[in-house]
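Participant: Pasting a structure below so you can have a look.
Read the figures in this text as sums done on the coordinates, not as results from a lab. Because the structure is predicted, anything quoted here is derived from the model rather than measured. Note that each Cβ is placed from the backbone with ideal geometry, even for glycine, and that neighbours are counted across all protein chains shown.
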Amino acid sequence: MITVNGTQACVQCAAATRFLDKRDVPYEFIDLDENQAKLATLRADGFQQIPVIETPGERFTGFNPNRLEKAVAEVRAATATQAVAVAPPGREIS
């Protein structure tokens, strides 16, 4: 899962969510105007700008299409692996 931490007024946040929407990738948007605890956590971790994007493999700031494309590939690969690992009822995975 990809998480976009940002605000409704943030242009780069909107660009990141549009990028993910166009690729039909599920993500969670955390509005930092409404979630001050998450904002405090991100600041304590050293993040100074938004969006802060959390992917399965990394966390980064700003709208970066190359890193987002990598995250999309990671999410799709993880989803495909999970789909393969699920056996029909009554059958075991070997």
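Participant: Nearest-5 percent of antiparallel DSSP beta bridges in the range 2-85?
Facilitator: Among the beta bridges of the range 2-85, antiparallel pairing accounts for roughly 55 percent.
Participant: What distance in nm separates the simple spin-label points at Glu28 and Arg67, each placed 7 Å from Cα in the Cβ direction?
Facilitator: Label at Glu28, label at Arg67, 1.9 nm between them.
Participant: What are the extents of the Cα atoms of the range 2-85 along their three principal axes, in Å, largest first?
Facilitator: Principal axes ranked by extent give 39, 23, 21 Å for the Cα atoms.
Participant: Here's another thing I want to ask about it. If Lys and Arg each add +1 and Asp and Glu each add -1, what is the summed charge of the other residues whose beta carbon sits under 13 Å from the beta carbon of Asp24?
Facilitator: Around Asp24, the charge tally is +3.
Participant: Next question. Using only Cα atoms, tell me the angle between helix 65-85 and the longest principal axis of the chain; keep it within 0 to 90° and round to the nearest 10.
Facilitator: With rounding to tens, the tilt is 30 degrees.
Participant: Dipole magnitude of the chain about its Cα centre, charges +1 at Lys/Arg Cβ and -1 at Asp/Glu Cβ only, in debye to the nearest 20? It would help to have the intermediate numbers written out before the result.
Facilitator: On the way: 10 positive and 12 negative charges, 49 e Å.
Computed about the Cα centre, the dipole is about 240 debye.
Participant: Also, I was wondering about something else. For the range 2-85, calculate the relative contact order in percent as a whole number, restricting contacts to Cα pairs under 8 Å that are 6 or more residues apart. Working shown, then result.
Facilitator: On the way: 100 pairs, mean separation 29.5, N = 84.
Relative contact order comes out at 35 percent.
Participant: Taking H as built 1.01 Å from N, whose amide H comes closer than 5 Å to the amide H of Ile30, not counting residues under 5 places away?
Facilitator: Val4, Asn5, Gly6
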